[in-house]
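The structure appears right after this line, and notes come after that.
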Amino acid sequence: MLRLTAILYCFVAATMAGIGVITVLSMGYTAVMPILIAAGAGAALALPVSWMIAARITT
């Protein structure tokens, strides 16, 4: 299941980081720091999400 989680993480992290960056930009924050924080938060939250998706796929 760890391999599946790692593969899913690549896609989920890119998607969630992109959603975070688009959200921050649509709120009007154009500085570098809010964009990096949003991308980092999306990438960090993608780990448990990809783990849950992998668990549902394998059952």
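Looking at I22, I53, I35, I57, just one residue is in a helix (DSSP H, G or I), in contact (Cβ under 8 Å) with a residue 12 or more places away in the chain and surrounded by fewer than 14 Cβ atoms within 10 Å (Cβ to Cβ), and that residue is I57. Would you please name the residue that is modelled with the lowest pLDDT, looking only at residues in segment 15-36 that are farther than 29 Å from L4 by Cβ and among the β-branched types (V, I, T)? Restricting to residues being farther than 29 Å from L4 by Cβ and among the β-branched types (V, I, T), the top hit is T30. Selection of segment 37-52 for residues being under 26 Å from M1 (Cα atoms) and not small (G, A, S) yields L45, L47, P48, V49, W51, M52.
The values are calculated or read from the model by the stated rules, or taken from the named source; none is laboratory data. In this text, all values refer to a predicted model and were calculated from it rather than measured experimentally. Counting neighbours? That spans all protein chains shown, and the Cβs are built from the backbone with ideal geometry, glycine included.
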